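Data first, discussion second: the structure below is written as structure tokens.
Laboratory data are not the source of any read-out in this text; all were calculated from the coordinates shown. This one's a predicted model, so the numbers in the text were calculated from it and none came from an experiment. Counting neighbours? That spans all protein chains shown, and the Cβs are built from the backbone with ideal geometry, glycine included.
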Amino acid sequence: ESLDQGLQKTSESIFSKLSKAVVGKSQVDEEVLDQLEEILITSDVGVDTTIKVIRRIEERVARDKYLNSSELDVILREEIASLLEENNTQDLLDFDIPADRKPYVLMVVGVNGVGKTTTIGKLANLFKNAGKSVVLGAADTFRAAAVDQLILWGERVGVPVVSHGMNTDPASVAFDAVKQGVDTGADIVIIDTAGRLHTKVNLMNELGKIKRVMQKFIPDAPHEILLVLDGSTGQNAFIQAKEFTKVTEISALAITKLDGTAKGGVVIGISDQFKIPVKYIGVGEKMTDLQLFNRREFVDSLFK
Ligand code: GDP
């Protein structure tokens, strides 16, 4: 699926609401701004970010005295883009890791059901197609389904999966996965982890232990800690981002299920509130339904 197709629901929604708000208006007034505010809130942009966007547009209206709807469109695009971080999409595929420091270690966190396992499968496929060798580590040992599913994804994509089965020590799985990555000269090791947020201290300890064991091989590992959030859950995604950033250092976000939601505003709000770059977005259940996040494309798709 293309980005436009994948985000169609999101796009149609924000765009159609906005165009209705400005139809027949030659000038951006209080009423248009009120409607815009409501659109942003109902698209799950979040209150704080919505207020910020509205305030900036009010400033522009005050400064320029007169603003028509097509100018509003341009300004809104600029404002939304400014809240999102720019990725160099090529960098997302070419981790510049010197040969003696390989592999690049990516640790993936997130609560159950958000699409963590699926995203890992899609990432493995993405990296493999970019010519990288990948090892997966099934360190979400709390759920049998998670281990089995990851093994299935490994088979589907054609990459090895290190697993010790259910209820085994996650750190030991991570240790063996990174070791296999080092021994086989792999480019990237992706470690799945358990997402039990209700036992925050346990999770913190578990993730800490996983990090320490991989640092026996690679002192600066993990190079990335990716939090997976379900973009269709609105406020829950915000809460999870808040909780996970307390538990561990999150360096990147993957936002899933943007194909089935009119709530794509989550991407804007979370980027702004947490200042963590969104690097990947999930737009379907298939292996290829993962996009490298590009803020221009994303913003344009909201207005198509
Ligand atoms: P986990 O519990 O976080 O590992 O979640 P899974 O990877 O098992 O995914 C949960 C469900 O969400 C599965 O049915 C996936 O097919 C589905 N899923 C994951 N990512 C996406 C996405 O981007 N779009 C859609 N529509 N479904 C997704």
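In segment 57-163, what trypsin sites (Lys or Arg not before Pro) fall in a loop by DSSP, with at most 11 other Cβ atoms inside 10 Å?
In loop regions of segment 57-163 (DSSP not H, G, I, E or B), the sparsely surrounded trypsin sites (Lys or Arg not before Pro) are 65.
Between segment 174-241 and segment 91-169, how many Å separate their Cα centres?
Segment 174-241 and segment 91-169 have Cα centres spaced 10 Å from each other.
With the calculation restricted to Cα positions, what are the radius of gyration and Dmax of segment 108-181 in angstrom?
11.5, 33
Give me the percent relative contact order of segment 90-149, please, defined on Cα pairs under 8 angstrom at least 6 residues apart.
21
If the viscosity is 1.306 mPa s and the temperature 10 °C, what Stokes-Einstein diffusion coefficient in µm²/s follows for the chain when Rh is the Kirkwood radius over Cα pairs?
Here the translational diffusion coefficient equals 79 µm²/s.
How charged is the neighbourhood of residue 158? Take every other residue with its Cβ under 14 Å from the Cβ of residue 158, and add Lys/Arg as +1 and Asp/Glu as -1.
+3
If eta is 1.306 mPa s and T is 10 °C, what Stokes-Einstein diffusion coefficient results for segment 114-251, Kirkwood Rh from Cα pairs, in µm²/s?
D, rounded to a whole number, is 105 µm²/s.
Please go through the residue pairs 116/279; 246/286; 209/246; 132/275; 116/242 and name each one whose alpha carbons sit more than 23 Å apart in this structure.
246/286; 132/275
Using DSSP, restrict attention to beta bridges with both residues in the chain and report what percent are antiparallel, rounded to the nearest 5.
So the antiparallel bridges in the chain amount to around 10 percent.
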